Amino acid sequence: MGQAHPGDSFEPSSGTRDGPVPAFDVLIVGAGFAGLYMLHRARQLGLSARVFEAASGVGGTWYWNRYPGARCDIESLEYSYAFSEALQQEWHWSERYATQAEILRYAEHVADRFDLRRDIRFDTRVVSGDFDEARGRWTVRTDGGEEACAQFLVMATGPLSTANVPSLEGLASFAGRTFHTGRWPHEPVDFHGRRVGIVGTGSSAVQMVPIVAHQARQLVVFQRTPAYAVPAHNGPMDPAHEARIKADYAGFRARNRRMISGFGSGVPRHPVSALDVPPEERARVFEERWRIGGFAFGSAFNDLILDERANATAAQFIRDKIRATVHDPAVARRLMPRHAVMCKRLCVDSGYYETFNRPNVRLVDLNEHPLEAVTPGGIRAGGEEHALDDLVFATGFDAVTGTLLGMDLHGRGGLSLREKWRAGPVNYLGLGTAGFPNFFMLVGPGSVSAFTNVIVQIEQQVEWVGDCIAALRARGLATIEPTRDAEDAWVAHVNAAMSRTIYPTCNSWYVGANIPGKPRMMMVLMGFPAYAQKCDEVAARGYEGFRLGAA
Ligand code: NA7
């Protein structure tokens with residue numbers, strides 16, 4: 001299957017319009033967790049592959065998001081690859097929740113351990129891709145003018161990789177330093193003695209605010225929608241716990257893959273409705289989960305994401321915690337969210353609400369005091385000027401589709417992906433889209449993506465894509481693409497399934513509502529086990545819903 005390294009027969013740097021174009025079996029865009037494993041898997045299958053990566057190193061999200069306090073909100077023993085028993089045994093995580101720096105070291109270790117770097121072209125952004133129907137090949141072009149072609153194109157571009165910086169009046173006039181959490185500088189940023197403004201109160205801000213508050217002379221947090229945060233109770237890794245997991249890591253991974261979100265088997269969902277227990281019992285369960293910390297809170301009862309009334313009991317519990325934590329009742333009130341809890345990603349914090357008791361921290365509610373403009377000296381909101389030396393945007397990402405649509409991609413007959421997805425990212429299984437043969441998306445729209453431990457989703461999809469390519473080769477087939485009927489049915493399924501949850505009830509990035517003008521569409525599906533089973537069934541039925549083309 002495939003030549004070992006067909007690209008070797010060409011000068012590696014000569015793939016320009018003037019020279020021969022390197023040819024591979026698979027081109028992969030992105031060297032985060034998805035791209036690294038896709039490369040490894042392709043090699044295991046004997047396929048030649050090249051990865052293009054815009055960054056100077058591996059790690060994806062964990063390469064870019066270096067803001068103070070950045071860490072994973074899934075426990076480290078779970079947020080890691082399962083594909084290699086040796087890897088999962090040898091790696092030691094130092095904390096319950098790993099820091100960005102430790103996860104990046106892990107990604108670098110994986111790249112070295114499996115000798116992946118030699119097939120990754122760093123500092124290289126893919127700007128376009130075109131499918132040539134006659135040759136059945138994709139040709140991609142990079143920002144350096146390089147070209148490469150391959151039979152298969154795999155997008156491992158990550159759901160949260162295109163930073164969203166709001167277009168605010170006067171932004172260019174700001175005289176101080178500006179940052180975005182997802183594009184953080186590599187050198188240390190010192191906030192000591194400075195007046196810092198943070199715009200946004202999602203997961204990134206919730207992690208960053210307590211740390212910046214300790215450094216800054218003054219911190220102003222500009223809030224559009226308050227966040228629900230549950231305590232992380234982070235701490236050093238318990239050696240006994242680590243030993244227990246490692247004694248049967250495969251069993252632990254298998255139990256997690258049976259969980260609705262692919263993680264959390266250690267603290268399973270209570271199999272009852274929040275509404276079917278007396279209030280004292282409900283409070284006891286929430287309190288118990290609060291003490292455990294992290295996403296265990298979200299699985300306290302079996303209907304928190306299904307029933308708005310059940311959800312309201314959890315929301316009220318967190319609001320009561322905010323009231324009990326924040327001394328100034330007016331500040332506490334502004335910090336209390338009103339939307340359904342978990343409708344936007346639940347935040348996992350270390351002292352977020354407590355930070356608002358500090359004398360050097362101020363909360364500005366942008367609903368009461370609308371953000372009018374950035375000025376050379378700060379931000380003007382509700383007629384008041386907030387003097388700032390540093391302005392931090394913790395304003396999230398053009399999620400799920402932003403990076404895919406940032407490239408100029410053309411499928412069959414020159415069909416443009418931007419044109420095709422004008423009303424939303426129509427897809428089949430989140431893995432492909434009609435009119436784009438041999439084009440695979442990892443953690444793309446329509447998959448369970450960010451509703452899972454994303455590494456569980458990545459491994460399942462990478463293995464599915466690898467098996468699919470192997471099956472095509474074994475059957476002498478050249479192309480695969482979803483049918484329009486299959487993708488319409490899949491989008492309808494995702495919408496129908498998610499309409500039975502609380503997720504459509506707020507303006508989250510899951511539905512594209514954080515970006516002005518973006519079409520509103522449910523982009524993420526809930527339920528890893530059912531999703532993985534569906535993918536397996538599709539494959540077992542000879543790739544049902546896909547059109548297969550002969551060589
Ligand atoms: P999020 O979760 O998208 O949060 C972004 C925050 O920025 C959120 O509070 C937004 O308010 C706010 N925002 C966005 N645009 C604006 C403007 N124009 N003005 C004021 N406030 C704004 O991004 P994060 O980086 O925190 O987290 C991303 C994911 O990483 C997270 O879901 C986890 O999976 C990890 P809004 O809620 O839209 O009103």
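Computed quantities for the displayed model
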{"quantity": "Within-14-Å neighbourhood charge of His369 [Cβ basis; K, R +1; D, E -1]", "calculated": "-1"}
{"quantity": "Free-standing Cys, the chain [no other Cys Cβ under 4.7 Å]", "calculated": "Cys72, Cys149, Cys347, Cys468, Cys535"}
{"quantity": "Among 453-463, 342-352, 541-551, the order from most to least packed when residues are scored by Cβ within 10 Å on average", "calculated": "453-463, 342-352, 541-551"}
{"quantity": "Size of electric dipole in the stretch 202-270: Cβ of Lys, Arg +1 and of Asp, Glu -1, about Cα centre, debye, nearest 20", "calculated": "260 debye"}
{"quantity": "Relative frequency of Cα-Cα separations exceeding 15 Å in the stretch 17-87, percent", "calculated": "65 percent"}
{"quantity": "Over the chain: helical MRE at 222 nm, DSSP H runs n ≥ 4 each giving -39500 (n - 2.57), nearest 500", "calculated": "-9000 deg cm²/dmol"}
{"quantity": "Burial ranking of peptide ranges 82-90, 47-55 (average Cβ count within 10 Å, highest at the top)", "calculated": "47-55, 82-90"}
{"quantity": "14 Å beta-carbon shell around Trp464, net charge (K/R +1, D/E -1)", "calculated": "-2"}
{"quantity": "Compactness of the stretch 84-227 as Cα Rg over 2.2 N^0.38 Å, two decimals", "calculated": "1.43"}
{"quantity": "Taking the stretch 112-185 and dividing mean pair separation by its residue count, relative contact order in percent (alpha carbons under 8 Å, at least six apart)", "calculated": "17 percent"}
{"quantity": "Three-way shape call for the stretch 369-443 based on the alpha-carbon gyration tensor, with the a/c threshold at 1.5", "calculated": "prolate"}
{"quantity": "Where a label projected 7 Å from the Cα of Ala423 along Cα→Cβ would reach, residues of the stretch 511-541 with amide N under 14 Å", "calculated": "519-522"}
{"quantity": "Net charge, Asp276 excluded, C-beta distance under 10 Å - Lys, Arg +1, Asp, Glu -1", "calculated": "-1"}
{"quantity": "Cβ-Cβ FRET estimate between Arg475 and Arg284, R0 fixed at 41 Å, reported to 0.05", "calculated": "0.10"}
{"quantity": "Cα centroid of the stretch 203-241 to Cα centroid of the stretch 312-383, whole Å", "calculated": "13 Å"}
{"quantity": "Convex hull of Cα atoms in the chain, direction-averaged projection (nm²)", "calculated": "25.3 nm²"}
{"quantity": "Fully extended contour minus Cα-Cα distance, from Leu87 to Arg291, at 0.36 nm per residue", "calculated": "70.3 nm"}
{"quantity": "Size of charge dipole - the chain - debye, nearest 20, with Cβ of Lys, Arg +1 and Asp, Glu -1, no other charges", "calculated": "680 debye"}
{"quantity": "For the stretch 274-390, size of Cβ-based charge dipole, Lys and Arg +1, Asp and Glu -1, in debye", "calculated": "160 debye"}
{"quantity": "Cα gyration tensor, the stretch 398-551 - rounded (a/c under 1.5), prolate or oblate", "calculated": "oblate"}
{"quantity": "For the stretch 203-264, Kirkwood radius (reciprocal of mean inverse C-alpha pair distance, Å)", "calculated": "15.4 Å"}
{"quantity": "Number of Lys pairs (Cα under 29 Å; 8 or more positions apart or on different chains) in the chain", "calculated": "7"}
{"quantity": "Residues with amide H under 5 Å from that of Gln218, placed H, sequence gap 5 or more", "calculated": "Arg194, Arg195, Val196"}
{"quantity": "Whole-number D in µm² s⁻¹ for the stretch 143-231, Kirkwood Cα-pair radius fed into Stokes-Einstein, 10 °C, 1.306 mPa s", "calculated": "98 µm²/s"}
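All of the numbers you see were taken from the coordinates with simple rules; none came from a lab. Since this is a predicted model, take the numbers as computed values, not measurements. All Cβ positions, glycine included, derive from the backbone under ideal geometry; neighbour counts span all protein chains shown.
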